[in-house]
Structures are given as structure tokens and as C-alpha cells.
Amino acid sequence: MAGHCSCCVSLEKVEEDLTAYGMNLMNLPSATDELLKLLEKVESLLKLVGQHPVGSTRSALQPVMKALVRNEFLRHTNEDVKVSVVSCITEISRIFAPKYPYDDHKQMEEIFQQTIMALKKLSDVSSCSYRKVVRILEIFAKVRTCVLLLDLENETLVIEIFKLFLEVIRPYHPRNIFTWMKEIMTRLIEGSEELSVELLRPLLDSLKIDNQMASPVASKLGENVLKDCAAIVKPYFAEALKSMSLDSDYYAEIGSLLCNELPKGKEMDSKRARTSKDHGAELIGAKIKVWCPLEQAFYEGVISSFDSETNKHEVVYDDSEVEKLKLHEERWEMLEDNSSQKDSKRPCTIKEYGKELVGARIKVWWPFEEKFYEGVVSSFDPVKMKHKVVYDDGQVEKLRLHRERWEMLEDNSSQKDHELDFQGHAVSSATSSKKKANSNSSTGPNISSSKRS
């Protein structure tokens, strides 16, 4: 499907400018200020290009793409230049997702390495590059760049990302930074064939008592990732503790969660957790506000679903962020305007719909573009609990539908008994994010700007 450009700028004009600026990049400006201005212009043009570009746009992108991966750009001595280069390449990755923008895997490894270096700037909100690295992180999370990283089978890069996020997260960061980091780390764990001790070590280190005191927000990030991936991590947890010469008591509640035990002195907490049955599926549709300790503020949203197995409610906030919470462990309040609760529809869970969905037509929500894309469920993997979705534009994706927002389409002769509005559990983020072209349009979707700048 063809990509298109936003605003009033014509596709021909964007292609013309991309070609011209790409040729300018081939002749590296000697002055740093001049180079930064040139890269800024290139980045602004790339933001205008949607996914699945037409042939003429692909051709216009080639000079820019070739120039940006030259050593004099990727390894420039000026830090701001390197961040600008990574920012441009990240936009290119968005345009070509879910495919690699470059076929050379060694080149992709170098790009990911430079991306990790650029993301270190997240710790300095006063940096002139801060807004750029936030955008890089957002795209990394929302177009699932982490899937491409896993395909490289380079665990060292994955471990570096885990270490980096736990090092740079700060209490003063906005909530979406925390959410995107958690989503990326969770997806990397979920997509890994095996989990090594080296991969788990940064997460476990963040939960040590002394580290909890030194960096509570990093500890919270590590805890949330481990809780979300508890079923996957549990088989590797004992081995990791043994290799680190530690026991589960050193990790308080999360260690006990993964070892399927209760920490001493927490039997009132366990009883309190079980009372969450009083606030289960009946809260779906309710308007609540949830306390965010990082920002010392309440955020309002609607409870969209409840997972009885994990005892978590999914909250869709007013700013479109999504979070799964054990409400009995959170500070929250019911809001007065809850007329929508009566009209809420029953959520679909993965337990109810496995191979039965094969052959069904569904539409899957992509928060980055704020629209649904239609396709057919072609198969189901009961081991990985993933459905394979073949979209109308030919793209293929394997999804854990209980972590996505999706709906059954009416055109389902084989699914007559399921005439309900289904919605799975979307991941934060920030959790989560589609890139498909609209099957009813002659042009592809444009992701020139996110729903949050």
C-alpha cells in the first residue's frame, strides 16, 4: 500500500526535497552548526513520510539512507550530531517497519548500538537532544523495533538496553517514559527463546534492598517488568539466584511471587489481595483516577477489562495511555461519572479464544496511528499463546491477543456465536502499536506525528 504525506505538503515536493538534501548529506558540511541544521531539515521531511511508501518515495529516500550510515555520521565526534543522525534513522525504521530499513545485519547492529548510546541522553532533561531521544524511545516502543533487535540474535544489545533503562530512569520523568521502557523490556523478554542469567541480572539487581533505597523508580521498573513476565521468568529464576549466590528473601515480594511463596509477615497482604474479587469484572466501564507516585498526581481513566487469572484491571487513561494494574496494590478512587459502566461489554480473554478464532476476521488497534486494521486469524500457537494475523495489506503478525485491543468483525460466518465487541489486554504503551495500512484506503497510514509530542 502506498504511503502519503501529511499537512498540505505534496508528495512530489517531499520526494524532491529528500533527494536534494540527501545529496547535500553526501558532502559532509565542515561546520557543526550547519550540519545540525541540515539534519534537522532531513528529520522534519522524514516525519512527513508515512509507512509503506510508494516506489518513487523509496527512491527519493535512498540518498538520505546511504549518507546517514556512513561512519562520519554514525561515529561523529559531536554528541548532538550523533543523536540527530540516530533520530533520522529511527524515522526511517518507522517508515519501513516491520522490515529492516537496511539489509546488512552488521549495519543494523551498529545502528542499534548508536541508538542505545543516544538514549543515555534521557537522564538529562535539560539537554537540547532530550526531545529527540524521547521520540526515539517512543518509536522504539510503538513500532516494535525490539522485534527487529531480537531477530539479530544479539543478546549483548538486549542486556545493554535493560541496563540502560534501569540506569537512566528518573523520578522526574513523565509517566510515558516509564511505560515505554517497561513495554520494550517486556516485549524483549516475551520474544526471547531463552532467558540467560546475564539478561535477568540487571532486573534482579534493581530489586536488591540497597538499590531500592538508592533508586526507587528503577526498582519499580524492574519489579513491574518481572511481574508482567512472571510466568516466563519463573523457570529461570531459581537458576539466576543460585548463580548470584542469593535467595528469594533478598528480593522481598517479587522473589516470593516468582517462587510461588508468600514472604513472612505478608499473610494480611495476601488476604487483602484475595478480597480483590469484590472488585473484579464488575468494575469494567467504571471511571476512576489512579495515583502516580512518580509525578505526585492522579490520572483519570476508564477500566476496560479484567483478567481474573492475574487479578489485573486494564485502565485506559484519558491521554490514551494503557496500563494493567492490581488495583488492590494501588491508590485509586472511583469517580462519580460512571454511567458508562452499565453499558460496558464483556471482554474477550485468551483463555476463551484460542484456536477457535482461526478463520475469524478481526480488526486490531494501533495506538500510534489511532486506528484499526483488518485481517484474518490464520493460526494459533498454543505454546506461545499467539495468534497469527494476516492483514488485508499482506502484512503478517503474531500477537498475544489478550494483550492487544481488537474487535471481531461482523463478516464472520464461522463465528456467529460471538457477536460481541471484544477487547483484549493492550500493553502499556505505551504500552503496544500497529503499522498496517488501512485496507479500505488507496494510501497507507501516516505516522508523521505521535499522539503525544
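The values are calculated or read from the model by the stated rules, or taken from the named source; none is laboratory data. These numbers come from a predicted model, not from an experiment. We place every Cβ from the backbone using ideal geometry, glycine too, and count neighbours over all the protein chains shown. Surface areas here come from the heavy atoms of the whole protein model, side chains and all, with no ligands, DNA or RNA. Shrake-Rupley method; radii C 1.70, N 1.55, O 1.52, S 1.80 Å.
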Exercise. If you take the residues of region 364-376 that are modelled with pLDDT of 70 or more and touching a Ser or Thr at 6+ places or on another chain (Cβ under 9 Å), which of them is most open to solvent (accessible area, probe 1.4 Å)?
Worked result: GLU370
For this session: Select from region 60-78 the residues that are of a type in the set (S, T, N, Q) and touching a residue at least 12 places away in the same chain (Cβ under 8 Å) and list them in ascending order.
Result: GLN62, ASN78
Problem set entry | Search result, residues across region 276-324 that are farther than 22 Å from GLU183 by Cβ, at pLDDT 75 or above and acidic (Asp, Glu) | GLU282
Exercise. Could you say which residue among HIS52, HIS76 is modelled with pLDDT of 90 or more, closer than 24 Å to GLN107 by Cβ, assigned to a loop (DSSP other than H, G, I, E, B) and open to solvent by less than 60 Å² (accessible area, probe 1.4 Å)?
Worked result: HIS76
Exercise. If you check LYS351 against the conditions, is it closer than 14 Å to LEU401 by Cα, modelled with pLDDT under 55 and open to solvent by 20 Å² or more (accessible area, probe 1.4 Å)?
Worked result: yes
Problem set entry | Selection from region 224-243 of residues that are in contact with a Ser or Thr (Cβ under 8 Å, 6 or more places away or on another chain), under 14 Å from THR186 (Cβ atoms) and not in a loop (DSSP other than H, G, I, E, B) | VAL225, ASP228
Seminar exercise, completed: All conditions in (1) open to solvent by less than 30 Å² (accessible area, probe 1.4 Å); (2) modelled with pLDDT of 85 or more; (3) more than 21 Å from the chain's Cα centre (by Cα) are true of GLN415 except (2)
Exercise. For region 110-132, does any single residue satisfy the condition of being touching a Lys or Arg at 6+ places or on another chain (Cβ under 6 Å), buried (at least 23 other Cβ atoms within 10 Å of the Cβ) and modelled with pLDDT under 95?
Worked result: no
Exercise. If you go through region 246-255 one residue at a time, do you hit one that is modelled with pLDDT of 70 or more, surrounded by 20 or more Cβ atoms within 10 Å (Cβ to Cβ), among the aromatic types (Phe, Trp, Tyr) and under 29 Å from SER206 (Cα atoms)?
Worked result: no
Problem set entry | Answer residue from region 15-49, given it is of a type in the set (A, V, I, L, M, F, W, C) and part of a loop (DSSP other than H, G, I, E, B) and is farthest from TRP366 (Cα to Cα) among those | ALA31
Problem set entry | Residue count, region 193-211 (criterion: open to solvent by 20 Å² or more (accessible area, probe 1.4 Å), modelled with pLDDT of 85 or more and under 20 Å from the mean Cα position of the chain (by Cα)) | 0
Exercise. Does region 427-436 contain at least one residue that is at pLDDT 75 or above, under 23 Å from GLU323 (Cα atoms) and assigned to a strand (DSSP E or B)?
Worked result: no
For this session: Collect the residues in region 215-245 that are open to solvent by 50 Å² or more (accessible area, probe 1.4 Å) and at pLDDT below 80, keeping them in residue-number order.
Result: ALA238, GLU239, LYS242, SER243, SER245
